[in-house]
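Novice: Below you will find the structure I want to go over with you.
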């Protein structure tokens with residue numbers, strides 16, 4: 001569904017000829033009554049949680065954005081409370097709208 005966070009990343013080349021990616025703008029993921037809350041029991045990875053709850057490990061960025069984590073690492077420490085958004089259709093729509101309005 002919305003798993004490919006690179007779908008909107010433009011690819012270009014720097015002056016030195018290196019391939020560069022344009023940043024993707026992510027939507028604010030608002031809380032929803034259907035969201036699931038968990039407390040990690042062991043050290044977890046965002047991609048594994050995304051696979052468990054969404055069926056696709058590439059959707060890890062949704063959990064990261066909803067919890068303001070994941071900058072530089074997919075690892076989440078044990079005992080961390082996480083919100084797992086369930087309104088994927090709305091998130092996909094918001095992501096699409098943000099990219100079109102750039």
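Novice: Among the numbered criteria (1) free of Cβ contacts under 8 Å to residues at least 40 places away in the same chain; (2) surrounded by 10 or more Cβ atoms within 10 Å (Cβ to Cβ), which single criterion is violated by residue 84?
Specialist: It fails just one condition, (1).
Novice: Among the numbered conditions (1) more than 21 Å from residue 31 (Cα to Cα); (2) at pLDDT 95 or above, tell me where residue 102 comes up short.
Specialist: For residue 102, the failing item is (2).
Novice: Going by what's in this entry, would residue 9 be described as under 16 Å from the mean Cα position of the chain (by Cα), part of a loop (DSSP other than H, G, I, E, B) and either at pLDDT 85 or above or surrounded by fewer than 17 Cβ atoms within 10 Å (Cβ to Cβ) (or both)?
Specialist: Values: under 16 Å from the mean Cα position of the chain (by Cα): yes; part of a loop (DSSP other than H, G, I, E, B): yes; either at pLDDT 85 or above or surrounded by fewer than 17 Cβ atoms within 10 Å (Cβ to Cβ) (or both): yes.
For residue 9, the condition - under 16 Å from the mean Cα position of the chain (by Cα), part of a loop (DSSP other than H, G, I, E, B) and either at pLDDT 85 or above or surrounded by fewer than 17 Cβ atoms within 10 Å (Cβ to Cβ) (or both) - is met.
Novice: How many residues are in a loop (DSSP other than H, G, I, E, B), touching a helix residue (DSSP H, G or I) at 6+ places or on another chain (Cβ under 9 Å) and on the phi < 0 side of the Ramachandran plot if we restrict to the range 29-72? Reasoning before the result, please.
Specialist: Residues of the range 29-72 that are in a loop (DSSP other than H, G, I, E, B), as a first pass: 29-35, 40-43, 55-56, 68-72.
With touching a helix residue (DSSP H, G or I) at 6+ places or on another chain (Cβ under 9 Å) added as a condition, the list becomes 29-32, 35, 40, 56, 69-71.
Within this subset, residues satisfying the condition of being on the phi < 0 side of the Ramachandran plot are 29-32, 35, 40, 56, 69, 71.
Number of matching residues: 9.
Novice: Residue by residue through the range 74-91, note down the ones that are at pLDDT below 95 and closer than 16 Å to residue 34 by Cα.
Specialist: Matches in the range 74-91: 87, 88, 89, 90, 91.
Novice: Give me the pairs: first residue in the range 24-44 and closer than 29 Å to residue 99 by Cβ, second residue part of a loop (DSSP other than H, G, I, E, B) and modelled with pLDDT of 90 or more, beta-carbon distance under 6 Å, and six or more apart or on different chains, which are they?
Specialist: 29/85; 32/87; 34/86; 35/85; 35/86
Novice: Of all residues being without any contact (Cβ under 8 Å) to a residue 40 or more places away in the chain and surrounded by 19 or more Cβ atoms within 10 Å (Cβ to Cβ) in the range 51-69, which is farthest from residue 32 (Cα to Cα)? Just the residue, please.
Specialist: Here the residue is 60.
The values are calculated or read from the model by the stated rules, or taken from the named source; none is laboratory data. Here the structure is a predicted model, which means the values were calculated and not measured. Glycine gets a Cβ as well: all are built from the backbone with ideal geometry, and neighbour counts include every protein chain shown.
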